[in-house]
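The values are calculated or read from the model by the stated rules, or taken from the named source; none is laboratory data. A quick note: this is a predicted structure, and the numbers were derived from the prediction, not measured. Note that each Cβ is placed from the backbone with ideal geometry, even for glycine, and that neighbours are counted across all protein chains shown.
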């Protein structure tokens, strides 16, 4: 098969620094490339200026307007537009990028065109590629949050809709029952070899100081403010503990999640964290607000590590004792799987696809989002029980092997490709 992946301009696919969708594209593409012709379209950046071939993947680097300019424009115009039709869902948004992609795809004559997370790209790709099979792969809830007629129009032009969790897929099926037959789930995965190798390089953990770990973008929907409130309570009872927060300081625009969540009051209330300085009128970053919440008692115990290359991430897991995800909104949550592959017990929230990853009381603990007292209680329970931490870590590792290896995910995807080509 000749397969093309169309990345969001926001995605970072080429190592070492990648975002979650970029990781998915890279890990699947490199496995498909062993026996298929694979092209990956990505935005050209200053560090990547030439077409590259890596592990038999043909990268096509496409010029596009800077993400920062478009995101700021989208957020500023959000107050004047229908929240169900934000600027970033319009067909002309990133037109300079997707038009180049669609025209090059016409030359390539691909069997499969796999579009990541951008339903607005579909009509333009379809115009120039009427014979190709087009897949739309969603890593968020936009298909069930945005304007019904607009999304229905986009979905009419795709051959398969993939959700990164059954949570996403089932919501699409229920909103568009006439498209239910072309909706399937393909999980995100984890590079088991990389995390297993790190496990084999045993590090001596500090028996006196326990380490908590949170990995992900430092953004409002990730609930880091709840984690800090919980950590305050934990330190009162168990002072021999540190918290590492690993991830880029990148906030999603309010219009991406918060403004669309009128059916989820907890997420909608995150609007209070999009603040501006009353004197200067400049935005007050979420990170700045978080640091203002850190009390003197925990100041030396909390470390915002910043972004890390994905190749460097395993060592953070290996040094940790407990992994925590305090999200209010999470379509899947790759770090939860990475933690399980590192034999860590995982504390997560009952949102999105997280309950499909964590088995409560077996591989970790599930709590309600926004409940810092419940989160503190879960952390303390695991801190005080070495045997429970070890048992949950082992169970999680077995589950990661069974469900979330990139090999099995790629095999599932190939079957779905063949089904739509034969259908």
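Within region 61-70, can one find any residue that is modelled with pLDDT under 80, part of a helix (DSSP H, G or I) and in contact with a helix residue (DSSP H, G or I) (Cβ under 7 Å, 6 or more places away or on another chain)?
No, region 61-70 has no match at all.
Cβ-Cβ below 6 Å, separation at least six or inter-chain, first residue in region 290-306 and assigned by TED's automatic domain parsing to the domain that holds residue 317 and under 21 Å from residue 220 (Cβ atoms), second surrounded by 14 or more Cβ atoms within 10 Å (Cβ to Cβ) and at pLDDT below 95: which pairs?
302/294
For region 245-261, give me the residue count where each residue is touching a residue at least 40 places away in the same chain (Cβ under 8 Å) and surrounded by fewer than 17 Cβ atoms within 10 Å (Cβ to Cβ). Break it down stepwise before answering.
The first filter runs over region 245-261 and keeps only residues touching a residue at least 40 places away in the same chain (Cβ under 8 Å), leaving 245-249, 253-257, 259-261.
In the following step, the residues that additionally are surrounded by fewer than 17 Cβ atoms within 10 Å (Cβ to Cβ) were identified as 248-249.
Number of matching residues: 2.
How about region 280-385: which strands (runs of 3 or more DSSP E) wholly inside it have at least 2 residues that are under 17 Å from the mean Cα position of the chain (by Cα)?
Strands (runs of 3 or more DSSP E) meeting the threshold: 322-324, 346-349.
Testing residue 281 on (1) surrounded by 15 or more Cβ atoms within 10 Å (Cβ to Cβ); (2) at positive phi, one condition comes back false. Which one is that?
The one condition residue 281 does not meet is (1).
Checking the structure you have, find out if any residue of region 212-221 is at positive phi and buried (at least 19 other Cβ atoms within 10 Å of the Cβ).
The answer is yes; a qualifying residue exists.
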